Amino acid sequence: VSMSSLLLVLFQLVDSFTVYRLLEGQLGEATAMEQKGIYDRAQPLVQFGILLATSLTLSLVPLIARTMQQKTGRSQELYASLAFRVSVLFAVAASVGLTLVMPYVNEALFKTPDGSLALIVFNWQIVSMSLVLVLTAILYGFGKIRVPALLLGTGLLLKGAGNLWLVPGYGIVGAAVAGNIGLGFIAAALIWYFKKVWVMQFAHV
């Protein structure tokens, strides 16, 4: 649970060790420092979006744990499915909203629209990160810790490898894409593992 909560910070740590160094080799010290500063603008915006997407959803996790201990009453599957759907709904809404206003927010807050594309790509990490937080919390309630921790570590390695591969060619946009790949892998793998632990349908279509 601690790893999932610190995942964005750990991704940021990987960026701190790789992005500036890789940019410096391509662009020079001054430009690399400027680009890294633009890239770091996304962190507070994404964290705000994740807070909106998960604050309501995570409040459902204790209900899931309580209903698992009861033989009567509402099914825990109802709350688990609701947590998943609410998380996706708010996360996608936050990402779409930030995508539409990002160039204007970027210029309003930082006096320049530079790097808006990278920030738009970065902000879609809200969706994956929201799912990661919800699924790891529920899996922790099942006592499933090792596999989620392994998946989180693998995603972190993917982020580092993605930076090494994409940043030299695509700059801070490549770093944002690498983050999306890492978090996307973790979210998809957690959904797969969750389905093995608990056979249920997240959403009815």
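The values are calculated or read from the model by the stated rules, or taken from the named source; none is laboratory data. In this text, all values refer to a predicted model and were calculated from it rather than measured experimentally. We place every Cβ from the backbone using ideal geometry, glycine too, and count neighbours over all the protein chains shown. Just the protein is used for accessible areas: all its heavy atoms, side chains included, with ligands, DNA and RNA removed. Shrake-Rupley method; radii C 1.70, N 1.55, O 1.52, S 1.80 Å.
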Item to complete: Show Lys144, Lys196, Lys159 ordered by accessible area, largest first, where the area counts protein heavy atoms only and the probe is 1.4 Å.
Response: Lys196, Lys144, Lys159
Worksheet item: Considering only protein heavy atoms, what is the solvent-accessible area of Val127 at a probe of 1.4 Å, reported in Å² to the nearest 10?
Response: 30
Worksheet item: Under the Karplus relation 6.51 cos²θ - 1.76 cosθ + 1.60, θ = phi - 60°, what is the ordered set of whole-Hz ³J(HN,Hα) values for region 178-191, x standing for Gly and Pro?
Response: 4, x, 4, 5, x, 5, x, 4, 4, 4, 5, 5, 5, 4
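For Leu150, Leu7, Leu45, what's the largest-to-smallest order of accessible area, 1.4 Å probe? Don't skip to the answer; put the middle values down first.
Details: Leu150 115, Leu7 0, Leu45 30 Å².
These residues rank, largest area first, as Leu150, Leu45, Leu7.
Just reorder Trp124, Trp192 by solvent-accessible area, largest first, 1.4 Å probe, all chains present.
Correct descending sequence by accessible area is Trp192, Trp124.
Scaled to the compact-protein estimate 2.2 N^0.38 Å, what is the alpha-carbon radius of gyration of region 99-205, rounded to two decimal places? Intermediate values should be presented prior to the final figure.
Values: Rg = 16.5 Å, N = 107, 2.2 N^0.38 = 13.0 Å.
In units of the 2.2 N^0.38 Å rule of thumb, it is 1.27.
Quick one: compute the contact order of region 83-133, relative version, from alpha carbon pairs under 8 angstrom and 6+ residues apart, as a percent. Intermediate results must be reported in sequence, preceding the final value.
On the way: 32 pairs, mean separation 25.2, N = 51.
Value for region 83-133: 49 percent.
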Worksheet, complete the sentence: Residue by residue through region 44-54, the couplings from Karplus 6.51 cos²θ - 1.76 cosθ + 1.60 with θ = phi - 60°, in Hz, x for Gly and Pro, are x, 5, 5, 4, 5, x, 5, 4, 5, 6, 10
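Below 15 angstrom from the Cβ of Val197, what's the summed charge of the other residues (Lys, Arg +1; Asp, Glu -1)?
Numbers: positive: Lys144, Arg146, Lys195, Lys196; negative: Glu77.
Within the 15 Å Cβ shell, the charges total +3.
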